[in-house]
Each structure stands twice: as C-alpha cells, then as structure tokens.
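> Dropping the structure in here first, questions after.
The values are calculated or read from the model by the stated rules, or taken from the named source; none is laboratory data. Computed from a prediction, not measured in an experiment: that's the story for all the values here. Note: ideal-geometry Cβ built from the backbone for every residue, glycine included; neighbour counts use all protein chains shown. For accessibility, only protein heavy atoms count, side chains too; no ligands or nucleic acids. Shrake-Rupley method; radii C 1.70, N 1.55, O 1.52, S 1.80 Å.
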Amino acid sequence: MTTPVCTSASQAAKPAAHPSYSYLPPYASFSSYVRARGPVLLRTARSLTANPCDAEDLLQTALAKTYVAWDRIEDQRALDGYVRRALLNTRTSQWRKRKVDEFACEELPEPSGVPEPDPAERQVLHDAMWRAVMRLPDRQRAMVVLRYYEDLSEVQTAEVLGVSVGTVKSAVSRALGKLREDPELSPVR
C-alpha cells in the first residue's frame, strides 16, 4: 500500500482517528460571519478602491488579518467595525507602498516649447486682421467671413450667398491674396 505524498489542505487538516468525527474549521464562527457579512464588507472595500478586483483582494487581505486575530476579539458585536478598520488600514498601507513614478529634480523634464504670446500682442494682431478684412470688397469680405470666421464649408457658403462653389473658391482665393499683400499684416509673415 502506498501513502500519498501530497494531500489537499482539507484532507490534511482532518483528523483520521474516528470515522464519526465531523470536521469543523478552527473558527466556525468566522466562516459563518464571512458568509453572512461578506457582501456588505465587499461593498465597503469597493468604496475604498477604484477597481472591483482590487476590492476583492483588499477584502481577502483584511479578512486574513481578522482571522489571525479572531480569538483575541472580545466583543463579537463589534466585528464589522473591526473588519472595516482592517480594510481601511490595509488600503492605507497599500497606498503608502505604491510605486511613485515621479521624482523631484532640478530641471523640468518637459521641453520649454514656444512661449505663449502676449495677450496684448494677440489683440493688436486680431484688430489689424479685422481692419484688413474690412478693406476687402463686400462680396469677398462676405465669403471670407463665412468661410473662416463662421467656419462654413465652400458648399455652405455658396448656398448662403446664392452663388456657385467655383465662385466662392475664386473669390476667397483673390481675397486671401489681398490679405497676404496687406502692409499692415506684414509682421505676421
């Protein structure tokens, strides 16, 4: 007869002395407590974490800590508070042990990039552009305003003005050419 080398944890924990012996875990009250209060405790764990899987892990860790201290808990009516405190303490420990990917350093890692233009300069440019648009002939000005200020497509601009799409294209092209040659807008180029 051979003896099994490895047995499952449930078989190893059972005493084999008497066949009528019914096995009870060391803390049967702990098992019944977890079965009864598990869903409520899981909701508490989910409120402490963003991920449901992390909440389950958090609850398992807190319950393991509670199991170790089960025989030292005198007031069985305060079990929920004890487990909630274990949940909170465990979550705080996890948070403190998290990996930090950012470190303080003397130089900023971001590139300096292009500095933001002065708002006063932007307003001067905006005013100069608007004066140049106002110097365009009425028809060209209407098409430029509809295309670039109102952000309409060429087809939409043609429909609004009652002209063909080709007329819009050619008039806008001539208007942009005049704006490029405007001496007041020369600093923009």
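> Taking a spot 7 Å from the Cα of VAL160 along the direction of its beta carbon, which residues of the range 133-151 have an amide N less than 17 Å from it?
Counting backbone N atoms under 17 Å from the label point, the list is 133-134, 136-151.
> Can you compute the modelled spin-label distance between ARG43 and TYR27, with each label point 7 Å from Cα toward Cβ, in nm?
Reported label-point gap for ARG43 and TYR27 is 2.4 nm.
> Leaving ligands and nucleic acids out of the surface, order ARG147, ARG35, ARG91, ARG43 by accessible area at 1.4 Å, largest first.
Numbers: ARG147 50, ARG35 170, ARG91 75, ARG43 150 Å².
I get ARG35, ARG43, ARG91, ARG147, largest accessible area first.
> Rolling a 1.4 Å sphere over the protein heavy atoms, what is the accessible area per residue of the range 42-102, to the nearest Å²? Before the final figure, lay out the partial values.
On the way: 4460 Å² over 61 residues.
Result: 73 Å² of accessible area for each residue.
> Also: Dividing the convex hull volume of the Cα atoms of the range 136-188 by its residue count, what figure in Å³ per residue is obtained? Please report the intermediate quantities before stating the final value.
Working: hull volume 3.7 nm³, N = 53.
With only Cα atoms used, the range 136-188 gives 70 Å³ per residue.
> Oh, and also: Treating only the Cα positions of the range 27-99 as identical point scatterers, give the base-10 log of I(q)/I(0) from the Debye formula at each q in 0.13, 0.16, 0.17 Å⁻¹.
Log10 I(q)/I(0), no solvent term: -0.35, -0.53, -0.59.
> While we're looking at this one, here's another question. What relative contact order, as a whole-number percentage, does the range 136-188 give when Cα pairs under 8 Å and 6 or more residues apart are counted?
On the way: 31 pairs, mean separation 18.9, N = 53.
Contact order relative to length: 36 percent.
> How high is the FRET efficiency between LYS169 and GLU110 when r is their beta carbon distance and R₀ equals 30 Å, given to the nearest 0.05?
The computed FRET efficiency comes out at 0.10.
> How do TRP130, TRP95, TRP70 stack up against each other in accessible area, from largest to smallest, with a 1.4 angstrom probe?
Details: TRP130 100, TRP95 140, TRP70 15 Å².
My answer, sorted largest first, is TRP95, TRP130, TRP70.
> Report the accessible area of ASP71, computed with a 1.4 Å probe over the heavy atoms of all protein chains in place, in Å² rounded to the nearest 10.
Using a 1.4 Å probe on the heavy atoms, I get roughly 100 Å².
> For VAL133, what accessible surface area do you get with a 1.4 Å probe? Give it in Å², rounded to 10.
0
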